[in-house]
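The values are calculated or read from the model by the stated rules, or taken from the named source; none is laboratory data. What you see is a predicted model, and the numbers here were worked out from it, not measured in a lab. Neighbour counts run over all protein chains shown; Cβ positions are idealised from the backbone, glycine included.
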Amino acid sequence: MNIIIVASPWLGGSGSVAHDLAVSLSKDAHRVDFVSYESSFFRSEDNPNLHYTNVEPYKYPLFPFPIYELALAEKVAEIAEQNNADIIHAHYGILFGHAAQLAQQYLQQKGLGTKLVVTFHGSDVMGFDFEQPGTKVPKRMNISLLQAADALTAVSRCLRSDVMSIYGFQETDKNIQVIHNGIDITDWTYYFKKRKQGEEFRIIHFSNFRKVKCATILPEIARVLKNDGMPFHMTLVGDGPEVEEVLTRIREHKLEDHVSWVGKKSKSELKDLIRASDALLLPSMYESMSLAILECAALGVPAVASKRGGIPEIVDHMQSGLLVENIASAQDFADAIKKLASNEKLRSQLAHRARKIAESMSDVKTTQQYTSLYEEVLQTNTVSLANTMS
């Protein structure tokens, strides 16, 4: 098959999932074009079936902003027309999905039967106001995308339910298939780090530091641990809008000896930081499907995470990690961390079971699911969702 994947070029979340899928599909002898608006952070040059296209935005003197969506749509349509693409697969509805929809409309006018698959990842459905989900997104345009797509997927059962609720689907609707994020297990070798008695407990947090990640509570958790006399170090990886607030709180609480921020890291550097850690700390307000938890699980690092969104689908409390109900309580997160730090047998058991979960969600399985979906879509006509919308 000739497949175009339109997705974020950034490391983490939907971009990582999309790129891993592109690599896996290309290894199965499919031609794959990975199209985005910047040069991909992941870029792999040793695969003749995988092609990268960096789309420059249109810049018009009449408009004081770059026009990304039309530029993406134009390039996707061009590549599809040149290579007679079978599938356009957009990861993330907003921008990428809408650009892919525009491209497909042009291709249909030209008589080409290129199919559109859209995978929703979370904030493209929910927006960024998680107290009022779905209120700060282009809702009408998302409904149009839902109606136009030949196949729809969501990365968790929780997100599928959110899509159905926000956009008026019935619970019995079968048009949205759940395909969980997967990772290359062979690329994430299990390594359980045994701690020596009295050794500091090493905690890692990595994210894009948006509000939904609740990163500003991290210094508060660190302060509780410090006041309790627990030997620990917390490493913060990534960048984003709340980093400065987090760093300010670290200085205010005089936590520089206990918390360090290392900024963005490459995939290989991130792996090394995870391997050196004893636990992942993820106090998110919402996660549709946490790739961070899966990556840490694969390496033998259990998670202390919020019981929100799709997290309970991959973390079984006291079986493969620890879940915290009250995401506003630094004390509750600190208590969970102390439970892990004081019980090496428990941490080992959680790590082993977490790895098993990661193995059950390998990229091989994910690729097989998407390949089957592509084949099914190519064999059938578009199923209109117009009658399922309220």
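Total residues in the stretch 124-147 satisfying the condition of being surrounded by fewer than 22 Cβ atoms within 10 Å (Cβ to Cβ) and closer than 27 Å to Ala73 by Cα: the figure is 13. The C-beta contact set for the stretch 343-357 (first residue in a helix (DSSP H, G or I), second residue among the hydroxyl-bearing types (Ser, Thr, Tyr), distance under 6 angstrom, 6+ apart or interchain) comprises Leu350/Ser320; Arg353/Ser320; Ala354/Ser320; Arg355/Tyr190; Ile357/Ser320.
Can you spot a residue in the stretch 285-296 that is under 24 Å from Lys196 (Cβ atoms), surrounded by 15 or more Cβ atoms within 10 Å (Cβ to Cβ), under 16 Å from the mean Cα position of the chain (by Cα) and of a type outside the set (Lys, Arg)?
Within the stretch 285-296, one or more residues are under 24 Å from Lys196 (Cβ atoms), surrounded by 15 or more Cβ atoms within 10 Å (Cβ to Cβ), under 16 Å from the mean Cα position of the chain (by Cα) and of a type outside the set (Lys, Arg).
None of Ala279, Ala222, Ala303, Ala297 is within 20 Å of Glu344 (Cα to Cα) and free of Cβ contacts under 8 Å to residues at least 60 places away in the same chain except Ala303.
Are any of the residues in the stretch 33-44 assigned by TED's automatic domain parsing to the domain that holds Ala151, touching a residue at least 40 places away in the same chain (Cβ under 8 Å), in a loop (DSSP other than H, G, I, E, B) and more than 29 Å from Val178 (Cβ to Cβ)? No: the stretch 33-44 contains no residue that is assigned by TED's automatic domain parsing to the domain that holds Ala151, touching a residue at least 40 places away in the same chain (Cβ under 8 Å), in a loop (DSSP other than H, G, I, E, B) and more than 29 Å from Val178 (Cβ to Cβ).
Kindly check whether there is at least one residue in the stretch 291-306 that is more than 30 Å from Ile176 (Cβ to Cβ) and outside any loop (DSSP other than H, G, I, E, B). Yes; the residues of the stretch 291-306 include at least one that is more than 30 Å from Ile176 (Cβ to Cβ) and outside any loop (DSSP other than H, G, I, E, B).
Against the list (1) of a type in the set (Ser, Thr, Tyr); (2) over 14 Å from Val315 (Cα atoms); (3) modelled with pLDDT under 95, the condition Ser260 fails is (3). Scanning the stretch 264-284 for residues that are small (Gly, Ala, Ser) and farther than 23 Å from Ala18 by Cα, we see that the one that is surrounded by the most Cβ atoms within 10 Å (Cβ to Cβ) is Ala279. Output the residues belonging to the stretch 128-180 that are farther than 29 Å from Glu375 by Cβ and basic (Lys, Arg). Hits for the stretch 128-180 are Lys136, Lys139, Arg140.
Need a quick list: strands (runs of 3 or more DSSP E) entirely within the stretch 142-244 having at least 3 residues that are at pLDDT 95 or above and of a type outside the set (A, V, I, L, M).
201-206, 232-237
If you go through the stretch 233-264 and pick out every residue that is more than 26 Å from Ala341 (Cβ to Cβ) and touching a residue at least 40 places away in the same chain (Cβ under 8 Å), you end up with 1.
Tallying residues that are more than 30 Å from Val125 (Cβ to Cβ) and surrounded by 15 or more Cβ atoms within 10 Å (Cβ to Cβ) within the stretch 220-251 yields 13.
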